[in-house]
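Just so you know, all these numbers are worked out from the coordinates, no wet-lab data involved. Given the structure is predicted, the values throughout are model-derived calculations rather than measurements. Here Cβ is always computed from backbone atoms with ideal geometry, including for glycine, and neighbour counts include all displayed protein chains.
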Amino acid sequence: MKVEEKIGGGGGGGGGGQAVNGSRRRRRRRNGEDYEEEEEEQMMRKRTGRRVQATSTAIQRLFVACRTAFKGPGTVPLPPDVHVLRLLLDKMRPEDVGLSSDILFFKSRNAVNGTPRITYSTVYKCNNFSMCIFFLPPTAVIPLHNHPGMTVFSKLLVGSMHIKSYDWVDPVISTDSKGSSQLRLAKLVVDSDFTAPCNTCILYPTSGGNMHTFRAITPCAVLDVLGPPYSTEDGRDCTYYHDHPYTSDSGIGYALAKEFLKAGDNVIVCSRSGERVELAVQQLRQEFGEQHVWGTVCDVREGKDVKALVAFASDNLNYIDIWINNAGSNAYNYKPLAETSDDVLMEIVTTNTLGLMICCREAINMMLNQPRGGHIFNIDGAGSDGRPTPRFAAYGATKRSVVHLTKSLQAELQMHQVKNVMVHSLSPGMVTTDLLMSGATTKQAKFFINILAEPPDVVAEYLVPCIRSIPSSQSMKPTYIRFLTGLKAYSQIFSRLAFGARRNRYLIED
């Protein structure tokens, strides 16, 4: 799943669900009489530092526990404090906060005309925590949003709702989110219906993205406890997101691997994300078996990682005939260079340029030690032909350098009279990947994507036979394999202008 952030204000509720273990009871004496007490209640008294009177209300006990648990920004409640809060919230009833299922709001089952209005009532708020009740009519949605640095407790008091929560897989590239739209990979943690009474849902700031969305099935009420609360002054803004379905077959790398496997080759795949590697290998093995594909984590920006990749590939394949340098990043950043942060520039340049150099170095050294050598293919991209790439100038500059580096390596190998290793160029053209589609925000971009872009599997079906033909021919001449040739591009543009071909093929044009 990919999520795209949109900056917003306000706050939201909690998500995720965790079961509570059964409580144990202990015999005690009060006023000369025996009675039983749950150990959790003993712990609650111990953690709050005072005797909890039987006459105190549930909301008062919750307030005291919150005051003990939440120490302020930058802190996370201790596990015993979390346990006490969860115990109190699990026992919370609508009547404890002045609600009843007999209230007219909760009796209505009719869909609301237009956008359902969500209301809320703040029970208490301070710098360390807040307590709030949200009221959602049927079909109302609290959009996907995060809770930066917060621990979130949510108790569904009345009704039924669907909760989805996510944790991040990809790290954040830039902390400068002003005006940005950044795609990152996230994993789905919870995707379930909840009906009151049910256990308390908890999100932890250390477990990942701390994101969730609510959709009311019936009229419902949710008690939210946040610590610390949202604060613009302290940098705890609420960020809203759109989620986009994602599978490992969304990119050109996966499509190439699949085509090589179809041809009977053995394949190694890698990524800096362990989750991506695991998902790709799992799906490929389901189709081609466990003895033909392997995967490992590798950050191409790190020399030690690439050396480890070479060792991993050598152990599993024994011999590497083809090495494809496919790693590339635009940090999902489409804006003028003057507005691009240092973090984004470093991500693009270190991945596309430094990473490519390291991979070429290690692949050449590995293949020099193989009797029949091998072939390295460097994938180019927008900007490699020298044409301008406005809104992603850094990416275009790095892809222009791919052509120069490839030619320089060819010259070096020739200069040292290396006869069994060659570096080639590989041009997939415009491929409908997340990277390309995330930048399709202008009329011109949509126009050319509809005309020229192709899905990854279509591109891979053409490229892989061309790639495989080079080692089989025993040719050591440098080759530039192009999927989208100039003639093909001009003919498709002509067909569009003359006959309206490919209009709105992938994207609705303005």
Distance in nm between Lys488 and Val141 label points, each 7 Å along Cα→Cβ, equals 3.8
In nanometres, the difference between 0.36 nm per residue of separation and the alpha-carbon distance of Val418 and Asp234 is 60.3 nm
So for the range 404-510, using the alpha carbon gyration tensor with a ≥ b ≥ c as root eigenvalues (a/c under 1.5 gives rounded; past that, a/b versus b/c decides prolate or oblate), I'd call it prolate
In this structure, the FRET efficiency calculated for Asn316 and Asn365 from their beta-carbon separation, with R0 = 25 Å, to the nearest 0.05, is 0.85
Here the gain from full extension of Ala411 to Asn199, 0.36 nm per residue of separation minus their alpha-carbon distance, amounts to 69.6 nm
A correct fewest-to-most ranking of Thr340, Thr139 by other Cβ atoms within 10 Å would be Thr139, Thr340
Dividing the mean separation of Cα pairs under 8 Å (6+ apart) by the residue count of the range 248-499 yields a relative contact order in percent of 19
In whole Hz, the Karplus estimates of ³J(HN,Hα) for the range 223-233 (6.51, -1.76, 1.60; θ = phi - 60°; x where Gly or Pro) are 8, 10, 10, 10, x, x, x, 4, 7, 5, 4
Here FRET efficiency (C-beta to C-beta, Asp102 to Thr57, R₀ 22 Å, nearest 0.05) is 0.60
With the charge dipole of the range 248-499 built from beta-carbon charges (+1 for Lys and Arg, -1 for Asp and Glu) about the Cα centre, the Cα from Leu309, Asn420, Val267 projecting farthest to the positive end belongs to Asn420
For Lys125, the lysines lying under 19 Å Cα to Cα, once residues fewer than eight places off in the same chain are dropped, come out as Lys71, Lys155
Each label sits 7 Å from Cα toward the beta-carbon; between Arg372 and Leu188 the label points are separated, in nm, by 4.5
Exposure-ranked with fewest Cβ neighbours within 10 Å first, Leu78, Leu89, Leu409 stand as Leu78, Leu409, Leu89
Ranked on Cβ counts within 10 Å of their own Cβ, fewest leading, Thr151, Thr479 go Thr479, Thr151
Spelling it out for Thr479: with amide H atoms placed in the peptide plane at 1.01 Å from N, the residues 5 or more places away or on another chain with amide H under 5 Å from its amide H are Ser425
In whole Hz, the Karplus estimates of ³J(HN,Hα) for the range 83-97 (6.51, -1.76, 1.60; θ = phi - 60°; x where Gly or Pro) are 4, 5, 4, 5, 4, 5, 5, 4, 8, 5, 10, x, 5, 5, 10
Stretched fully, the stretch from Asp385 through His404 gains (0.36 nm per residue minus C-alpha distance, one decimal, in nm) 5.8 nm
A student applying the Cα gyration tensor rule (rounded when a/c is under 1.5; otherwise prolate if a/b is larger than b/c, oblate if not) would label the range 248-499 rounded
Relative contact order in percent for the range 379-510 (Cα pairs under 8 Å, 6+ apart) equals 25
For Lys407, the lysines lying under 28 Å Cα to Cα, once residues fewer than eight places off in the same chain are dropped, come out as Lys304, Lys307, Lys399, Lys419, Lys477, Lys488
Simple SL model, points at 7 angstrom along Cα→Cβ for Thr442 and Leu78; separation in nm is 5.7
For the range 419-428, in residue order, the Karplus 3J(HN,Hα) values (coefficients 6.51, -1.76, 1.60; θ = phi - 60°; whole Hz; Gly and Pro = x) are 9, 10, 10, 9, 10, 10, 10, 10, 10, x
Where a ≥ b ≥ c are root eigenvalues of the Cα gyration tensor, a/c under 1.5 meaning rounded, otherwise prolate if a/b exceeds b/c and oblate otherwise, the range 355-473 counts as prolate
Taking r as the C-beta separation of Arg93 and Thr119 and R0 as 35 Å, the FRET efficiency to the nearest 0.05 is 0.95
